[in-house]
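Structure first, commentary second.
The values are calculated or read from the model by the stated rules, or taken from the named source; none is laboratory data. A quick note: this is a predicted structure, and the numbers were derived from the prediction, not measured. Every residue, glycine as well, gets a Cβ built from its backbone with ideal geometry; the counts of neighbours run over all protein chains shown. Surface areas here come from the heavy atoms of the whole protein model, side chains and all, with no ligands, DNA or RNA. Shrake-Rupley method; radii C 1.70, N 1.55, O 1.52, S 1.80 Å.
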Amino acid sequence: MAEAPTPTTLARKPKPPMSRLMRLSLKVVDRVADATRRADGTLNRCALSLLDPRVPAISSPCRGVASRDVVLDRASRLRARLFHPAAATAKASTADLPVIVFFHGGGFAFLSAASPAYDAACRRIARYASVAVLSVDYRRAPEHRFPAPYDDGLAALRFLDDPKNHPLPLDVTRCYVAGDSAGGNIAHHVARRYALDPSSFTNVRLAGLVAIQPFFGGEERTDSELRLDGAAPIVSIDRADWMWRAFLPPGADRTHEAANFAHPAAAAGLESPAFPPVLLAIGGFDPLQDWQRRYAETLKGMGKDVRVAEYPDAIHAFYVFPVFDDARDFIIRIAQFVAESAPAAAAAASDQP
């Protein structure tokens, strides 16, 4: 008869390497965010506005980057925050900037383009990659479910497609979509929708997709979800399940095309040559990593260009925390991805009628 497990033989869940202060801070954030979730599936937006105050755009350069808020669609009141290197503040600038259309994380329900963490992250991307970053303040769940943020992402591309909307010189033939967590999910689906009918865009050409620990899922519980549940910050099984219930259509489960890239409906657009190359970030302490690796395998199996950046010690959303060395490394990788894809983007643009 096998011996009963003792406290010394029970496997301990791994903990990500970080300071005690950082671990405690993230635990407090998790608990407070959980407290804003109501039993009826809604959120206490009033409390969230106090916990996540919006920071203003700064027209004067701050560490070499200026920002402004723009209206993408007046009918739906869709807005975005545009970040750009200070040298591009005038129309007279000689170099047109590539554009990254960015979607913030937050499980489709939390945070915004004006959240302090994302305002700072977009500034770093604009500075390091020498690009304009259009951070979309998409509609959030549970007030706005699928497909609202995907529609908003496509509206952002339509906005850029009209040169009259450009407040500064932009090269939209070198346009990228990017996002982390739920934002990475949105970026993927926006790229997929674009690829279904690229000819409907006169000027915009997608040159790349930056998927930072994208939020995908399914009814199955993966090994990483079970192994890291309760041990890693930010993402837990309970939190993720709530977010999917808040975002997906009523009655849908996690096999829905928005959550599960293996769903037949989720394949539309992926076969198109207009679906762009992908830079994918995966963290070793992210419970979602198994889904992200399957995502990479799926795209590679279809012959797509996928570059995977693995960070064994990284937690979910690591790149928004400058205290982590991996955060700076990945921002540099984004800059390299943009620079390396420039020749291919130029060739693709010249092939268009």
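Summary of values
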quantity: Some residue of the stretch 235-248 being within 25 Å of Arg333 (Cβ to Cβ) and touching a residue at least 12 places away in the same chain (Cβ under 8 Å); calculated: yes
quantity: Subset of the stretch 113-123 [under 17 Å from Val101 (Cβ atoms) and open to solvent by 40 Å² or more (accessible area, probe 1.4 Å)]; calculated: none
quantity: Matching option when the condition is at pLDDT 95 or above, crowded, with 22+ Cβ neighbours inside 10 Å, of a type in the set (Gly, Ala, Ser) and over 21 Å from Pro56 (Cβ atoms), among Gly106, Gly153; calculated: Gly153
quantity: The stretch 281-304 residues that are in contact (Cβ under 8 Å) with a residue 12 or more places away in the chain and under 17 Å from Val235 (Cα atoms), paired with ones that are in a loop (DSSP other than H, G, I, E, B) and open to solvent by 30 Å² or more (accessible area, probe 1.4 Å) (beta carbon under 7 Å, 6 or more apart); calculated: Pro287/Asp229
quantity: Scan of the stretch 117-150 for residues that are more than 15 Å from the chain's Cα centre (by Cα), under 24 Å from Phe247 (Cβ atoms) and assigned to a loop (DSSP other than H, G, I, E, B), ordered by number; calculated: Ala141, Pro142, Glu143, His144, Arg145, Phe146, Pro147
quantity: Positions within the stretch 252-291 being of a type in the set (Phe, Trp, Tyr), touching a strand residue (DSSP E or B) at 6+ places or on another chain (Cβ under 9 Å) and part of a loop (DSSP other than H, G, I, E, B), in sequence order; calculated: Phe275
quantity: Residue within the stretch 41-54 that is more than 27 Å from Val28 (Cβ to Cβ), modelled with pLDDT under 95 and loosely packed, with under 15 Cβ neighbours inside 10 Å present; calculated: no
quantity: Flag for Tyr138 being open to solvent by 10 Å² or more (accessible area, probe 1.4 Å), of a type in the set (Phe, Trp, Tyr) and either at pLDDT below 95 or out of contact with any Cys (no Cβ under 8 Å at 6 or more places or on another chain) (or both); calculated: no
quantity: Candidates Asp305, Asp290, filtered to the one that is of a type in the set (Asp, Glu), in contact with a helix residue (DSSP H, G or I) (Cβ under 8 Å, 6 or more places away or on another chain) and open to solvent by 20 Å² or more (accessible area, probe 1.4 Å); calculated: Asp290
quantity: Test result for Pro249, open to solvent by less than 50 Å² (accessible area, probe 1.4 Å), within 16 Å of Pro142 (Cα to Cα) and part of a loop (DSSP other than H, G, I, E, B); calculated: yes
quantity: Residue in the stretch 240-251 that is touching a helix residue (DSSP H, G or I) at 6+ places or on another chain (Cβ under 7 Å) and farther than 30 Å from Pro98 by Cα present; calculated: no
quantity: Options Ile212, Ile186, Ile237; residue that is aliphatic (A, V, I, L, M), in contact with an Asp or Glu (Cβ under 9 Å, 6 or more places away or on another chain) and open to solvent by 10 Å² or more (accessible area, probe 1.4 Å); calculated: Ile237
quantity: Every residue from the stretch 183-242 that is assigned to a helix (DSSP H, G or I) and small (Gly, Ala, Ser); calculated: Gly183, Gly184, Ala187, Ala191, Ala195, Ser199, Ser200, Ser224, Ala240
